[in-house]
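Visitor: Quick one: this structure, given as structure tokens, is what I'll be asking you about.
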Amino acid sequence: MVSLKHPRLSGLGRNPAAPEDVLVRLAAHKAGRDGLAMRQGQLPDAVVEALLTHGDGIDATVRLRTDRLSPAMRRRIAEHPDPAVRDARADFVRHSVDTGVPVGVDALEETYGRFRTALAEDPDPKLRAAVARDWHDRPASVQAALLADPDPLVRGAATNHERPGVPPKWRDRCLADPATRANVASYVPLTADQFERLVQLMRADDEEAEDLQYCVARNPHLTADMVARLLDFDDPAVRAAVAQSRHVDAETRDRLYALLEAESANGNTGARLALTWNFTEPSWLREAPLDERLTYLDCPYPVFRRVLATCRDLPEEAWQRLDDDPDLLVRRAAARRPDTPPHVLERLIRGHGDVFHVRPLLVEHPNFPRHTLRTLVDEPDPHVHYVALQDPELPVPALQRLAAATSEPFVRRGVARHPNITDPLLDQLLSDPDPNVADDAAANAALRPARMYGILSDAAL
């Protein structure tokens, strides 16, 4: 966590090149401890000891997962004279269980000292629900016990995801249970009778009806008759889901989208979200015959073309169309195919930058001409500048130019993390007015130990 008041200390706590004595001294300051909590890998014993002795032992212990501690320090914490410190990690996990926050099944076993199979039978329903929430690959026998659990909290958690799934013999029971009905209705194949019962509930004037409408509408197994029964529901999310069904003809699809667009223009937030957010997508299109899929090259609705662009068996003429699609997301999806031409990748990056939360990056594509990265510094868009930083040998003059982008802190943050940064540039960014920039500069492994000690001295550590 970045310290807004002392970002150089929090960043230094994350620095992988920081000597052990620097880390020990950082433990005496709240900002340093915040940085140490974000540090990767096992912490030296001396650092853990310092965290336990500087007035923040409880908080430190909560953040110290077992994989960050040596066996000696695990014993040290288990035998700590202060029960608040000794039990802090376990108390944190128990609090997460009580509040329904996922912590992972390994943490549950560590805290409660029992195997997950035993925890699934614990008398506490919140703990059983936590197991259902955190144990994703549980066997069928455990899933059956959770589906039959007497507590609705547990049954709901057991059906919240499509996997490990609901066996056919359990579907009637789960669809009749208010705790599990909406969950299950969104992903299991429905019989005609099951669907009819759900439709009756969907027409009620209550909150469950609204949830059910959306969940049933996005069920990928609906038949044509079932989809037809949903056409008179006016919820925007239902309309969008029905419009994307394989069972809807072009005329009906156009009518539904026209209604959504008109509602969005009139200020309906639900309609706007249904049109712009990827709540659903016509994933069935990927499995359709090639001739049918190619008819969607002319579809006026980008979500269909985006799904089409994720296929990998399209002819060259189709790829040329998708590479020139007016929708940026379509072009980006198409560019992820294995044989994307270098000029297509470069044009996309040079015009719009990359999407850094989706891996692998487009600049990591084998066909991307990486020698062009440093030329991106000359483009006007700061998002394109940021991509230039993917060149680990970006020349210092280019880094200096990017560091001068005072109106764009995210670009300066990228410079602060760059491996080719110089001492003067690090000094400049350590004093940046944006705390995130200063934090990243302090976390750069290129920071010299002498400068680290100077940061500690400035903070009287």
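Visitor: For R370, are the conditions met, namely being under 30 Å from P338 (Cβ atoms), surrounded by fewer than 22 Cβ atoms within 10 Å (Cβ to Cβ) and in contact with a Leu (Cβ under 8 Å, 6 or more places away or on another chain)?
Guide: No.
Visitor: Quick test of your reading of the structure: Y214 fulfils all but one of (1) modelled with pLDDT under 95; (2) buried (at least 20 other Cβ atoms within 10 Å of the Cβ); (3) more than 25 Å from the chain's Cα centre (by Cα). Name the failing condition by number.
Guide: (3)
Visitor: While we're on this one: Could you tell me which of the residues V166, V184, V154 is among the hydrophobic types (A, V, I, L, M, F, W, C), surrounded by 14 or more Cβ atoms within 10 Å (Cβ to Cβ) and in a loop (DSSP other than H, G, I, E, B)?
Guide: Exactly one residue qualifies, and that residue is V166.
Visitor: Hey, could you check the stretch 399-454 for residues that are among the basic types (K, R) and in a helix (DSSP H, G or I) and say which is farthest from the chain's Cα centre (by Cα)?
Guide: R451
Visitor: What single numbered condition from (1) assigned to a helix (DSSP H, G or I); (2) not assigned by TED's automatic domain parsing to the domain that holds A228 fails to hold for R255?
Guide: Unmet condition: (2).
Visitor: Taking the stretch 268-287 only, how many residues are closer than 14 Å to Q244 by Cα and of a type outside the set (S, T, Y)?
Guide: The number of residues fulfilling the criteria is 10.
Visitor: Turning to a different aspect of this structure: Does D427 qualify as being in contact (Cβ under 8 Å) with a residue 24 or more places away in the chain and over 24 Å from T372 (Cβ atoms)?
Guide: It is true that D427 is in contact (Cβ under 8 Å) with a residue 24 or more places away in the chain and over 24 Å from T372 (Cβ atoms).
Visitor: Can you give me the number of residues within the stretch 276-293 that are farther than 19 Å from P220 by Cα and either touching a helix residue (DSSP H, G or I) at 6+ places or on another chain (Cβ under 6 Å) or modelled with pLDDT under 95 (or both)?
Guide: Total meeting the criteria: 1.
Visitor: State which residue is farthest from V47 (Cα to Cα) when the search covers only the stretch 66-88 and only residues that are in a loop (DSSP other than H, G, I, E, B) and of a type outside the set (D, E, K, R).
Guide: It comes out as P81.
Visitor: Would you check which residues across the stretch 16-40 are over 24 Å from the mean Cα position of the chain (by Cα) and farther than 14 Å from G454 by Cα and list them?
Guide: P16, A17, E20, V24, A27, A28, H29, K30, A31, G32, R33
Visitor: Does at least one position in the stretch 145-152 carry a residue that is more than 17 Å from A179 (Cβ to Cβ), among the acidic types (D, E) and not assigned by TED's automatic domain parsing to the domain that holds A182?
Guide: no
Yes/no matrix, rows are residues, columns are (1) hydroxyl-bearing (S, T, Y); (2) under 24 Å from the mean Cα position of the chain (by Cα):
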| position | (1), (2) |
| --- | --- |
| V238 | no, no |
| D249 | no, no |
| T252 | yes, no |
| L273 | no, yes |
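Visitor: Only one of A243, A204, A217, A262 is touching a Lys or Arg at 6+ places or on another chain (Cβ under 8 Å) and on the phi < 0 side of the Ramachandran plot; which?
Guide: Exactly one residue qualifies, and that residue is A243.
Visitor: Further, regarding this structure: Is it true that some residue in the stretch 154-171 is acidic (D, E) and not assigned by TED's automatic domain parsing to the domain that holds A241?
Guide: Looking through the stretch 154-171, at least one residue is acidic (D, E) and not assigned by TED's automatic domain parsing to the domain that holds A241.
Visitor: Please find, among D91, D106, the residue that is modelled with pLDDT of 85 or more, over 26 Å from the mean Cα position of the chain (by Cα) and part of a helix (DSSP H, G or I).
Guide: D91
Visitor: State which residue pairs qualify: first residue in a helix (DSSP H, G or I) and inside the stretch 210-236, second residue of a type in the set (K, R) in any location, beta carbons under 8 Å apart, and separation of 6 or more residues or different chains.
Guide: Note: pairs meeting the criteria are L212/R181.
Visitor: Look at T269 and say whether it is among the hydroxyl-bearing types (S, T, Y) and within 29 Å of the chain's Cα centre (by Cα).
Guide: yes
Visitor: To continue, here is another question. Would you list the helices (runs of 4 or more DSSP H) that sit entirely within the stretch 269-363 and hold 1 or more residues that are surrounded by fewer than 18 Cβ atoms within 10 Å (Cβ to Cβ) and of a type in the set (G, A, S)?
Guide: Hits in the stretch 269-363: 269-276, 342-352.
The values are calculated or read from the model by the stated rules, or taken from the named source; none is laboratory data. Bear in mind the structure is a predicted one, so any value in this text is a computation, not a measurement. Glycine gets a Cβ as well: all are built from the backbone with ideal geometry, and neighbour counts include every protein chain shown.
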